[in-house]
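Enquirer: One structure, pasted below without further comment.
Quick note: the coordinates plus some simple rules give every number you see, no bench work behind them. Every value quoted in this text rests on a predicted model; they were computed, and no experiment measured them. Note that we place each Cβ from the backbone using ideal geometry, even for glycine, and neighbour counts take in every protein chain shown.
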Amino acid sequence: MNVLEVAGLNVSVRDTTLVSDVDLTVGPGERVGLIGESGSGKSLTALSILGLLPEDVVPSGSVRLSGVDHDLIGADERALSRIRGRDLAMVFQEPMTALNPTMRIGDQIAETMLIHHTHPTRSAARAAAADLLDRVQLPADLLRAYPHQLSGGQRQRVVLAIALSNDPALLICDEPTTALDVTVQALVLDLIVQGVVARSSALLFITHDLAVVATVCERVLVMYGGRVVESGPVHEVFTNPRHRYTQGLLAASNLEAAGSRLTTIPGTVPAAGHFPSGCVFRNRCAHATDLCATTPAWSGTSTTGYACHHPAGAPHA
Amino acid sequence: MLVFGFLAVLPGDPARVALGVNASDEAVAELRRQFGLDRSLPVQYVDWLGGLLRGDLGTSYVSKAAIGPQVFDRLQVTLILVVAAMAIALVLAVPAGTVMAARHRRLSGVALSALSQVGVAVPAFLAGILLIMVFAVKLGWLPANGWTPPAQDPAMFLRQLVLPALSLGLVQGAVLTRYVRSAVLDVLREDYLRTARAKGLRPFPALWRHGLRNAAVPVVTVLGLQLATLLIGAVVVERVFVIPGLGSLLLDGVSQRDLILVQDVVMVLVVAVLLVNFLVDLLYVALDPRLRTGTR
């Protein structure tokens, strides 16, 4: 039984579809990466799982979480708030603004446990908060500190401690290290992996950084234009990409091609709602033909495959 | 200094007004000597200021009585009125502004918003007259005017306080509602509110526990500024409701050219406003830990 099963997820704002037909599963204890450029729909996918999309952005499809006997899409606020922070937790991109500036760190960590009654008393929750701080390698005297007294890396570790406080079945991280200095990125990534492994929690890790996915995740999904264009085990996708977009993405981040010009994918990501019909990548793809005006079917299994008419590595390509 | 300067150049000799138009020039000159008005302006200024520092507000040109006790009696009345009005404004504005912000896309929010816009446009004295017409004249529920000290008859005191406090408070409440709305709207867009929701808090509890204190900072600023407006509004409303407050004392002083009384009242108002601003600054520090330095 998978921890998370997303099927046929669509996200739209008024008449514009931002995410279409996303299928996504995460097994127990599995670490899955979701990569793509800005505007590819990664964050919207995460927010629809959590039910925290902005007011005028509407999801449809199905999001099921193990242990919850109803679909998360269309569930009411009362039902969702019981799941959020307990079974399903999230670390956001911006550590500088994710914490309440007027509340002490300790109270902000303890609050999650008090909301869900996972600790009977305020003092028990406080003690647990100190323990959580220790596990993200922060001193216990920070419990009485306010967020502005901490650095970005420290704050992100506090956000992680909050997210992990109720041992969630699934942790979603949305670009958790993008806003951090390179020197603390590795530490935070390490703490995230340690945290989920220690709790046998599953991880859905969203990033645009391929190197980060390679170190953190076992399986990866590549998103472009609001669609999943390729998925599979990290090693396989990174060494033998099939979709032309994945190929371009890997070439663009190849640091070993020293001396030569940086490789880029021609063109820019279109604005939301302005992706071409059929294959969303065809206006930037060197291999595109008339056939690409039709939406490419998914080839492969539900967890390993791609959606491309002219895949890389195919005999006729 | 400004207060003193403006009043000194104002036309109308206090001594002549006090004695009436038929008084002889000698009598006027004699009275000017008594009041010390024959001295040079700087000397008068220093004398007055020195008195203020010693807590002596001087002697009225008209009633010949010491001004100090009179001003402080009246100040109490005005303060009660202003504080009551502020309480009404807050009780009105905080829930209304919050609902307006949380439902700013829905009909209920827009309707409240329009209502508050109308409230902003109504001056306090007009609100007072309308309230008197409806609740005192038409319905006869409450007295139209007057003032009873709370120690003398608490019930009457409250009944008489309701209408003037409402006429000040409703208008201020309407203004304050707009600020509460925009402060809450700003907070609703903050990342930490999304974090609070992600922890499992439902929208209103999240706003209550994480948004209120953050939204309070800009609202407190406006509150401080509004207290000054309220004091001025009280001057007019005290006239409408025949309340013996600082405002009516000030207006009496002006019409009788009792310059020293006017100076004193204005000075007391200025000090009150300064004091409020100081309190607002202290409140900031209490609300926002980022403003505290050197402590953890």
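Enquirer: Explain nothing, just compute: Karplus ³J(HN,Hα) = 6.51 cos²θ - 1.76 cosθ + 1.60, θ = phi - 60°, for every residue of the stretch A:52-69 in order, whole Hz, x for Gly and Pro.
Expert: Couplings: 10, 5, x, 3, 8, 9, 10, x, 9, x, 9, 10, 10, 10, 4, x, 10, 8 Hz.
Enquirer: Next question, about the same structure. Can you put A:Val229, B:Val222 in order of Cβ neighbours within 10 angstrom, beginning with the fewest?
Expert: Exposure proxy ranking, most exposed first: B:Val222, A:Val229.
Enquirer: Over all pairs of distinct alpha carbons, what does the Kirkwood formula give as the hydrodynamic radius of chain A, in Å?
Expert: Its Kirkwood hydrodynamic radius stands at 20.6 Å.
Enquirer: Here is a further query. What is the distance, in nm, between label points placed 7 Å from the Cα along the Cα-to-Cβ direction at A:Ala286 and at B:Leu130?
Expert: Roughly 7.3 nm, to one decimal.
Enquirer: Run the Debye formula on the Cα coordinates of the protein assembly as shown, all scatterers equal and no solvent, and tell me log10 I(q)/I(0) at q = 0.06, 0.07, 0.11 1/Å.
Expert: Rounded to two decimals, the profile gives -0.52, -0.64, -1.05.
Enquirer: Once both labels are modelled 7 Å past Cα along the beta-carbon direction, what's the A:Asp190-A:Ala271 spacing in nm?
Expert: 4.5
Enquirer: Let me ask another. For chain A, can you list the cysteines whose C-beta has no other cysteine C-beta under 4.7 Å from it?
Expert: Cysteines lacking a close Cβ partner in chain A: A:Cys173, A:Cys217, A:Cys285, A:Cys308.
Enquirer: Roughly how tilted is helix A:105-115, in degrees to the nearest 10 and between 0 and 90, from the longest Cα axis of chain A?
Expert: Helix A:105-115 sits roughly 80 degrees off the main axis of chain A.
Enquirer: From the phi angles alone, apply the Karplus equation (6.51, -1.76, 1.60; θ = phi - 60°) to the stretch A:292-300 and give each ³J(HN,Hα) in whole Hz, x where the residue is Gly or Pro.
Expert: Result, rounded to whole Hz: 5, 6, 9, 5, x, 6, 7, 9, x.
Enquirer: Taking R0 as 60 Å, what FRET efficiency do you get between B:Leu49 and B:Arg159 from their Cβ-Cβ distance, rounded to the nearest 0.05?
Expert: 0.90
Enquirer: Mean residue ellipticity at 222 nm from the helices of chain A, using -39,500 (n - 2.57) per DSSP H segment of n ≥ 4 over the full residue count, to the nearest 500 deg cm²/dmol? If you can, show how the numbers build up before the last one.
Expert: Working: 10 runs with 97 residues, N = 317.
My calculation for chain A gives -9000 deg cm²/dmol from helical runs alone.
Enquirer: To continue, here is another question. Highest mean first, what order results for B:263-275, B:192-204 on Cβ atoms within 10 Å?
Expert: B:192-204, B:263-275
Enquirer: Oh, and also: Would you mind getting the Kirkwood hydrodynamic radius of the stretch B:68-291 from its Cα pairs, rounded to one decimal in Å?
Expert: Across the stretch B:68-291, the inverse of the average 1/r is 19.1 Å.
Enquirer: State whether the stretch A:63-218 is rounded, prolate or oblate according to the following rule on the C-alpha gyration tensor (a ≥ b ≥ c being the square roots of its eigenvalues): a/c under 1.5 gives rounded; otherwise a/b larger than b/c gives prolate, and the remaining case gives oblate. Provide the component values of the computation, followed by the final result.
Expert: Values: a/c = 1.66, a/b = 1.05, b/c = 1.58.
Note, shape of the stretch A:63-218 comes out oblate.
Enquirer: Peptide A:82-88: average number of partner chain Cβ atoms within 10 Å per residue? Don't skip to the end; give the middle numbers.
Expert: Details: counts 2, 1, 6, 7, 2, 1, 2.
That average works out to 3.
Enquirer: So what are the ³J(HN,Hα) numbers for the stretch A:87-92, from phi and the Karplus equation (6.51, -1.76, 1.60; θ = phi - 60°), rounded to whole Hz, Gly and Pro as x?
Expert: Residue by residue, the stretch A:87-92 yields 8, 9, 10, 9, 10, 8 Hz.
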